[in-house]
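In what follows, a structure is listed as structure tokens, so that the remarks can point back to it.
The values are calculated or read from the model by the stated rules, or taken from the named source; none is laboratory data. Just so you know, these numbers come straight off a predicted model, no measurement behind them. A quick note on method: Cβ atoms are made from the backbone with ideal geometry, for glycine too, and the neighbour counts reach across all protein chains shown.
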Amino acid sequence: MYYLRAQGNDESISTFDPPVGTYVDDVYITRQNVNNVALFDVERIEVLRGPQGTLYGRNTTGGAISVVMKKPSDTMQGYVEAGAGRFGKTLLRGSIDLPLSDNVLTKFSAYYVDDDGYLENRTDGKDYNEADLTGVRAALRWLISDSMTWDIAVDGGKSEVANIHSGLDGDTRYSFSGLGAGLPGGGMSDYGNEVETLNITSNLGWDAMGGTANLIVGARSIEQDFLLNFPFSADFLPDFFVIDNQGEHDMFSAELKWSGDIMDGRGFLQTGVYYMDEDNEVDFVDYLDLFFLGFAPAPSQGYFPIADRILSNTTESFAVYAQADFQIGENGTLTLGARYTDEEKTVDFQGTVNSAGMVAAGIPLEQNEQEITPRIAYAHKFTDNLMMYASATNGFKSGGWNARGSSSAALQAFAPETIWSYELGMRADWMDGRLRTNVTAFYSDLEDLQTTAATPDGQFLTTNAGGLEVPGIEAEITALPTDNWQIFAALGWQSAEYRDLPGGCVAPNSSLAAYDASCNIADPKRSPHQTYTLGTSADFSIGSLTVTPNVMARYIGAQYSATRNQGYNDSVTLINAGVKLSTADSQWELNLECKNCGDKAYTQSFLFTSYLNLPMTYLATLKYRFGG
């Protein structure tokens, strides 16, 4: 999950959209339950903070993550890599570029990752929380002519990655769950979280009207199957609340865009039209342990379904957008942009909670939104090495339904959230390029924040909690003291606060997400006041080898990992470190690395009880490069 500037999503149900959008080769991924897929043939990852509602479109009130995959090369080349690490981890991956001709280039990639899991289940003696990943990708680049290129990629994968709740006994994470064999009497899923994906992307680009036109098409199919427990505590009623889930998610998108110079080169325009269609069907059941209710002689001997339903929901979105950069004088650039979005969502429930009950409760089965999200910015270049800018950007995230309610009347609709974000920034190079500083001051003003919360009686609520105000400063610094030594730092300060909250809070509060149990205004979840990252790497020559050690420390300030001031987590410092040994021609490469090297344990998320982060892991990999 991603959280940027106090906005993010820790809910995977299909009626709730993430506020930080993920794009792979310019194709939007609607469901964040595929973020566990191992993308290893990556050219670059771009983190775009703040609303990106003009060019990157829907559901980017918090920002966007843009992943750009490597394109096929015109030279036969590739690599193979193997590794082994803690918890029985095995890693195999490789890639090969095979040009079929001067005009037809191909790339084939595959990966396999398997480990035994780090969670010791003291009920069945097995280990859980394993990470099992497999995937393949085939990419083709057809250079049709000097003015036309077609990129096509097909990839598929299967991942089984779950953070099942665990207690902490010294350095050992443990569980007493009885779900290892599945639900008594049969259920839909195996214990854990399994996702299968099939994806197709196509980008046809050609010269048109003095610029470049692109037709970008994406199709994605996701199947998710999970059975997860939510314990009362690590040692008491480890399976008192259980979700059994099977989902199918299909998405199609098409975008036609044009970019190029205008006004005799004094301006640059990006404009286009976008269409997206998504269909989801989720069969899921919520259970309570009958022992908890007093109807079973022992824990985990039987489960009582409190809600059994099949959810079907659709989204159809259409947008047109334009953004232009205009040269002002010799050193100024004015940016003006806007996006118009027309979106329609529908929902249907069948089962113990159903659409008929929703209609009777006055809950709409359809939502329609039309929104214009503008952007204005001005950048001024003071010298060749110093630029400053100011911007105001608007974004919105569409509404949805509280799909996890255990009664028809609880499936309430929630409204869209909207945001204005204001930034003042500086980008500068110093000391002949050996020091680079990027500093941004921002202020976010968000209305109708969509957030999730769990109530003590097992309800999962998604509501508009109120407004969210986030002022902050971000700084990124990179220094090169010598040609072979790099130091980098990323510093973040923010002060997220709820505002414009709904009234009527009655203690003990168990439903309004922005208040604590005593009806005091709570802190927004996952919003530490400070985050600091400091790291360094250097190259040393030892004979015919190049040795590259690296270390990175990340400080995360104290925060609450859940709404209503639940799941408090004290500040924590995490350390990652490694060393790379490579031959002079870079053909052979040995990597040794550890993550969370200090084996710090902290609350990563909270639902009735704490869910812990990954323990310390280490990995050794050997890579061989061949060809060009």
All but one of (1) surrounded by fewer than 19 Cβ atoms within 10 Å (Cβ to Cβ); (2) more than 30 Å from R554 (Cβ to Cβ); (3) within 28 Å of the chain's Cα centre (by Cα) hold for P471, so report the exception by its number. (2)
Out of the stretch 592-625, which residues are touching a residue at least 60 places away in the same chain (Cβ under 8 Å) and among the acidic types (D, E)? D599
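Give the residues of the stretch 123-148 that are in a strand (DSSP E or B) and either among the acidic types (D, E) or buried (at least 20 other Cβ atoms within 10 Å of the Cβ) (or both), sorted by residue number. Lay out the reasoning, then the answer.
Within the stretch 123-148, the subset in a strand (DSSP E or B) is 127-128, 131-145, 148.
Residues satisfying the conditions are D127, Y128, A131, D132, L133, G135, R137, A139, R141.
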Might you let me know whether the stretch 324-332 holds any residue that is in contact with a Leu (Cβ under 7 Å, 6 or more places away or on another chain), part of a strand (DSSP E or B) and among the small types (G, A, S)? yes
Inside the stretch 30-50, the number of residues satisfying the requirement of being at pLDDT 80 or above, of a type outside the set (V, I, T) and under 15 Å from the mean Cα position of the chain (by Cα) is 3
State whether the residues of the stretch 36-51 include one that is touching a Ser or Thr at 6+ places or on another chain (Cβ under 6 Å) and not in a loop (DSSP other than H, G, I, E, B). yes
Select from the stretch 100-122 the residues that are in contact with an Asp or Glu (Cβ under 8 Å, 6 or more places away or on another chain) and among the small types (G, A, S) and write down the one among them that is surrounded by the fewest Cβ atoms within 10 Å (Cβ to Cβ). G117
Hey, any hits in the stretch 251-272 for a residue that's closer than 27 Å to L411 by Cα, in a strand (DSSP E or B) and at pLDDT below 85? no
Expected single match for without any contact (Cβ under 8 Å) to a residue 60 or more places away in the chain, within 30 Å of F540 (Cα to Cα) and not charged (D, E, K, R) among I477, I473 is I477
If I ask for residues that are farther than 30 Å from P615 by Cα, β-branched (V, I, T) and touching a Phe, Trp or Tyr at 6+ places or on another chain (Cβ under 9 Å), which ones from the stretch 70-109 would you list? I96, V104
Can you name the residue in the stretch 325-361 that is closer than 24 Å to D264 by Cβ and within 30 Å of the chain's Cα centre (by Cα) and is also surrounded by the most Cβ atoms within 10 Å (Cβ to Cβ) among such residues? G337
Flagged in the stretch 592-628 as of a type in the set (F, W, Y), assigned to a strand (DSSP E or B) and buried (at least 17 other Cβ atoms within 10 Å of the Cβ), in numbering order, are F606, Y611, Y618
If N214 passes every condition in (1) at pLDDT 90 or above; (2) surrounded by 17 or more Cβ atoms within 10 Å (Cβ to Cβ); (3) under 19 Å from I29 (Cβ atoms); (4) out of contact with any Lys or Arg (no Cβ under 9 Å at 6 or more places or on another chain) but one, which one does it miss? (4)
I'd like to check something: does the stretch 275-282 contain any residue that is touching a Phe, Trp or Tyr at 6+ places or on another chain (Cβ under 7 Å), farther than 30 Å from I328 by Cα, surrounded by fewer than 17 Cβ atoms within 10 Å (Cβ to Cβ) and of a type in the set (S, T, Y)? yes
Being assigned to a loop (DSSP other than H, G, I, E, B) and modelled with pLDDT of 90 or more is true for just one of D74, D97, D10, D17. Which residue is that? D74
